[in-house]
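The values are calculated or read from the model by the stated rules, or taken from the named source; none is laboratory data. Being a predicted model, the structure only gives us computed values, none of them experimental. Cβ sites come from the backbone with ideal geometry, for glycine too, and all protein chains shown count toward neighbours. Heads up: the accessible areas ignore ligands, DNA and RNA and are worked out on the full protein's heavy atoms, side chains in. Shrake-Rupley method; radii C 1.70, N 1.55, O 1.52, S 1.80 Å.
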Amino acid sequence: MMRFIVAAALSMLALVSAPQDANVQVWEKLVAPGMVYRMEYDAKTPMTVHAVRLSMQSPAVAAVPVLAGQTVFEDNDSKGRGSVTQMVRENKAIGGINADFFALSGDPLGLMVHDGELISTPFNNRAVFAWGPKDAAIGIASFSGLMTGGGATVQIDGVNEACGDNMAVLNTQRAGAAVSSGPCKMLIVRYTAGKWAPSTVMRGVIVEILDDESKLEVQPRTVVLVVRGRRAQTVSDLHVGTNVKFLLQTSGFDWETMDQAVGGGPLLLRAGKFVDDSAAEGFRDGFANARHPRTAIGKTATGELWFVTIEGRQETGAGATTEEAAHVMARLGCVDAINLDGGGSTELALRGMVMNRPSDGSERLVANGIVFVPKVGLPELTPVPASIVITGSPAAKRAATAKVVETGGRIVPNSEVLWSSTGSAGWVDQGGLIHGVKNGRITVYAFAAGKRLSTTVEVDSF
């Protein structure tokens, strides 16, 4: 198959990148300085990869993990979960990708750190990817916590999660509410100053003690320690006015250099080699060794981050095993990489469009994601009147091509266009070629000339 290399303006430039396989079509387009979108299509497997390469030193864009809602627990139909495009829109980002596995309550299962603040603690020895302004690392994190004061010592089992039996859970404002599924004690502590970092020492005073609340909103400048079962005996002698100290320790990473982190699992690459770590991280054999849609994140030896989705369960992609996903990450130049939540959660969004084809047929609501946020100085794109023009007929043996034409007749170079589509009857690649799958309609989207365009296409002649 052909390889696609074109030149264009700074806003969307196709870059030279030698394909690793002659059967794989590759397109790369510059989205912003230091940020490149890449699509790979291998019709033989089949496998379709959508990915973003981002320099940690990019002057224009930063990768930041975010909750789908404002807090972990929210009283709405989605329980604080949301789509990737919603997270992108609400954070005024260029794009984004799904992140960790999650409970239906809206709680990310693994470690999450946002701008140096601990949002969620590690889960079940699963893989973590952490990064900062100059470096990134993979690893397995562990958490320990204590509250001491008034002669009592309480072991803290987690942060910003529902409190189970015989547990103690600390809830900050990022939880939204302290949640318990059974009889408990809730200690409301007002703290003086500081950030609830992954590893920190914080001090405060107990201002209220409540019994058997199922849910309590966390107020500003306070935290709520929920204690259940046998653990409740350790706080029985505490009272309002007691001074307490919290000691939190999240090991596995240097939090002096890392201020962002997301959990997932399992590990895929360490020092450039595949890591068969799924069983040790608590994943079943079918999860690792069957092909599924995958999301992954990795870093290269030269300080670039890759955010990758692999389509699955459809005509455009059979998915990948964890080992196959590791090979994709290695081919992209990653030396370290981890798997993130996949299946119907797998999604990469850019410029208001879903670039991959989610296996559910639409966006799944997830607990958190990673968004690509513009830094100060990124120029605004000026919209230009334009439309999508289709030539040819999309069918099994007759191709149709999409192009963007500005008012006045100028054809926008394909290197300046991002393509996407919805509908099961076909799809569009980054060359603008429409692939028919069956009779029906698809909607073709393009981001070009500073705005998102769309048109409906009939797929016929099958």
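Within the same chain, aspartates and glutamates fewer than 8 places from Lys92 are excluded, and of the rest, those with a Cα less than 20 Å from its Cα are Asp115, Glu347, Glu363, Glu380. Our summary gives the range 300-424 a relative contact order of 18 percent, counting only alpha carbon pairs under 8 angstrom and 6 or more residues apart.
Once the Cβ-Cβ distance of Thr401 and Ser142 is raised to the sixth power relative to R0 = 41 Å, the FRET efficiency obtained is 0.15. Antiparallel beta bridges, as assigned by DSSP with both residues in the range 150-307, represent about 90 percent of the total such bridges. Between Thr257 and Ser387, the simple spin-label model (points 7 angstrom out along Cα→Cβ) gives 5.5 nm. Amide H to amide H distances under 5 Å link Phe123 with Leu111, where only residues 5 or more positions off or on other chains count and H is placed in the peptide plane. Taking the helices alone, the chain has a mean residue ellipticity at 222 nm of -1000 deg cm²/dmol, built from -39,500 (n - 2.57) per DSSP H run of at least 4 residues and averaged over all its residues. Name the trypsin sites (Lys or Arg not before Pro) in the range 27-134 that are in a loop by DSSP and that have at most 12 other C-beta atoms within 10 Å, would you? Of the trypsin sites (Lys or Arg not before Pro), the ones in loops of the range 27-134 whose Cβ has at most 12 other Cβ atoms within 10 Å are Lys44, Lys92, Lys134. Approximating the spin labels as points 7 Å out from Cα along Cα→Cβ, the Lys273-to-Ala197 distance works out to 3.5 nm.
Computed from the C-beta positions of Gln233 and Ser454 and an R0 of 60 Å, the FRET efficiency is 0.45 to the nearest 0.05. Taken along the Cα-to-beta-carbon direction at a fixed 7 Å, the label points for Arg89 and Ser362 span 1.3 nm. Compared with the direct C-alpha span, the chain from Ser105 to Val376 gains 94.1 nm at full extension, assuming 0.36 nm per residue.
With respect to the chain, whose longest principal axis is taken over its alpha-carbon atoms, helix 322-331 is tilted by about 60°. For the chain, the carbon plus sulfur part of the accessible surface works out to 50%, probe radius 1.4 Å. The residues of the chain present an accessible area of 40 Å² per residue when probed at 1.4 Å with all protein chains retained. Dipole size of the range 25-80 about its Cα centre, with +1 on Lys/Arg Cβ and -1 on Asp/Glu Cβ: approximately 300 debye, rounded to the nearest 20. Stretching Lys44 away from Val207 to a fully extended chain increases their span by 52.2 nm, per 0.36 nm per residue minus the current alpha-carbon distance. Considering only C-alpha atoms, what is the centroid distance from the range 382-431 to the range 199-246, in Å? Using only Cα atoms to place each centre, the spacing works out to 58 Å. Here Asn76 and Glu117 are evaluated by their C-beta separation; at R0 = 22 Å the FRET efficiency comes out at 0.45.
Shown here for the range 245-311: GluC sites (Glu not before Pro) in loop regions (DSSP other than H, G, I, E, B) with at most 10 other Cβ atoms within 10 Å, namely Glu256. Here the 3J(HN,Hα) profile of the range 424-431, calculated from phi with Karplus coefficients 6.51, -1.76 and 1.60 at θ = phi - 60°, is 7, 7, x, 7, 10, 8, 7, x Hz, Gly and Pro shown as x. Taking the dipole about the Cα centre of the chain, with the C-beta of Lys and Arg at +1 and of Asp and Glu at -1, give me whichever of Thr121, Gly145, Thr295 is farthest to the positive side. Among Thr121, Gly145, Thr295, the one farthest towards the positive end of the dipole of the chain is Thr295.
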